[in-house]
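Comments concern the structure below.
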Amino acid sequence: MVNLSPAKGLPFSDGIVAGSTLYIAGQEGTDDSDKLAAGGIEPETTAALANIQKVLKAAGFEWKDVVSVTVYLADIHEFGDMNKVYKNVLPDPKPARATIQAAALVNNARIEISAIAVKRK
């Protein structure tokens, strides 16, 4: 098992590799200084996906390895705007996905995204 960097001093890891599987912790739409991307759901989605990309790269994985994604939205009415960004980042075939509305997200984020990636033979 490989434990990637601790998540900005929080009590969990950004990702854990177990065998050929990478489990990516929920990523918010923050920049390198841990501030939410300004402008709402679309910039936050872009930033959250960029944060997932960093974890993928650090573990030696790529977007094509992602098999499952869970999207947590602060407002389900932003589903369409989130999808505009999401569909342009993830390659086809798209991974399986669940999207839910959360009562609240940490840091008043609009979105948090977690993922599972598998190195296939």
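Values quoted throughout were computed directly from the atomic coordinates according to the rules given, and no laboratory measurement underlies them. Nothing here was measured: the structure is a model prediction, and the numbers come from that model. Note: ideal-geometry Cβ built from the backbone for every residue, glycine included; neighbour counts use all protein chains shown.
Charges at C-beta only: +1 for Lys and Arg, -1 for Asp and Glu. How large is the resulting dipole of the chain about its Cα centre, in Debye rounded to 20?
Taking the Cα centre of the chain as origin, the dipole is about 560 debye.
Tell me, what is the percent relative contact order of the chain, built from C-alpha pairs under 8 Å that lie six or more residues apart?
32 percent
Taking the dipole about the Cα centre of the chain, with the C-beta of Lys and Arg at +1 and of Asp and Glu at -1, give me whichever of THR30, TYR72, ILE16 is farthest to the positive side.
After comparing all options, I get ILE16.
Taking the Cα atoms only, what angle lies between the long axis of helix 79-89 and the longest principal axis of the chain, rounded to 10 degrees?
40 degrees
Of LYS57/LYS119; LYS84/LYS119; LYS64/LYS121; LYS94/LYS119, which ones are farther than 21 Å apart at the Cα?
With Cα atoms farther than 21 Å apart: LYS84/LYS119.
Cα axis of helix 41-58 to longest principal axis of the chain: angle in degrees, 0 to 90, nearest 10?
With both axes taken from Cα atoms, the answer is about 10 degrees.
Please sort by residue number the GluC sites (Glu not before Pro) in region 19-118 whose DSSP state is loop and whose Cβ has at most 14 other Cβ atoms within 10 Å.
Within region 19-118, the qualifying GluC sites (Glu not before Pro) (loop, at most 14 other Cβ atoms within 10 Å) are GLU62.
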